[in-house]
Amino acid sequence: MSTLSKETQAEQTETIVEFEKRQVERANSLNKQPVVFVHGLWLLPSSWNRWAEMFEAAGYTALAPGWPDDPSTVQEANANPDVMARKTVGQIADHFEEIIRDRAAFASAVLSNAETSLEGSGQVIGGGGA
C-alpha cells in the first residue's frame, strides 16, 4: 500500500519512464505470468538481463523497471553517481507500487536482491507473496 495520500501522489511528477510503460503494456497484453525484478543500490535494471531472458524462455513475462530517476546507462551512472544515492526505500516502493498495482492488469511475482531492502515491500506490492 502506498505511503502517500492520493492527493500527494497526484501532485507528484510521474516517475514511470517510457521503457517501463512499454514493459507494463507488453505484460498486460500477454497471457503469461509476469515476474518483476527489482535491482539493488548501485545497480541498474540491466543487471537483471540474463535472469529476465531465462524467465522469458521458461514462459514468463519479465519486467525490470528502474528506480525513480535511474540513469539510462552505466556510463551515465558513473558520471553522476549521486543520483543513485538519493533514494529512500519509500520512494522506491511507491514507484514499484505505481507500476505493479496502479498500472498493471496482472498479479506478479516480485524478485529482488538482498541489497534492495524491499523484501517486505515486495510482499505488500506483490499482493502477499515474495
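Has the stretch 43-60 got any residue that is under 22 Å from GLU14 (Cα atoms) and either part of a loop (DSSP other than H, G, I, E, B) or more than 15 Å from the chain's Cα centre (by Cα) (or both)? Scanning the stretch 43-60, I find at least one residue that is under 22 Å from GLU14 (Cα atoms) and either part of a loop (DSSP other than H, G, I, E, B) or more than 15 Å from the chain's Cα centre (by Cα) (or both), so the answer is yes. Take the residues in the stretch 19-42 that are under 15 Å from the mean Cα position of the chain (by Cα) and in a loop (DSSP other than H, G, I, E, B), then tell me which one is surrounded by the fewest Cβ atoms within 10 Å (Cβ to Cβ). The extreme case among them is TRP42.
Screening THR88 against (1) under 19 Å from GLU20 (Cα atoms); (2) under 17 Å from the mean Cα position of the chain (by Cα) leaves a single unmet condition, (1).
So that you can scan it fast, the table gives a plain yes or no per residue for (1) touching a helix residue (DSSP H, G or I) at 6+ places or on another chain (Cβ under 7 Å); (2) at pLDDT below 90; (3) not aliphatic (A, V, I, L, M):
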| position | (1), (2), (3) |
| --- | --- |
| LEU4 | yes, yes, no |
| THR13 | no, yes, yes |
| LEU44 | yes, no, no |
| ALA58 | no, no, no |
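Whether a residue is at pLDDT 90 or above and over 25 Å from LYS32 (Cα atoms) was assessed, and ALA79 passes this test. Of all residues being touching a residue at least 24 places away in the same chain (Cβ under 8 Å) and part of a helix (DSSP H, G or I) in the stretch 61-90, which is surrounded by the fewest Cβ atoms within 10 Å (Cβ to Cβ)? Just the residue, please. This residue is ALA85.
The values are calculated or read from the model by the stated rules, or taken from the named source; none is laboratory data. Nothing here was measured: the structure is a model prediction, and the numbers come from that model. Here Cβ is always computed from backbone atoms with ideal geometry, including for glycine, and neighbour counts include all displayed protein chains.
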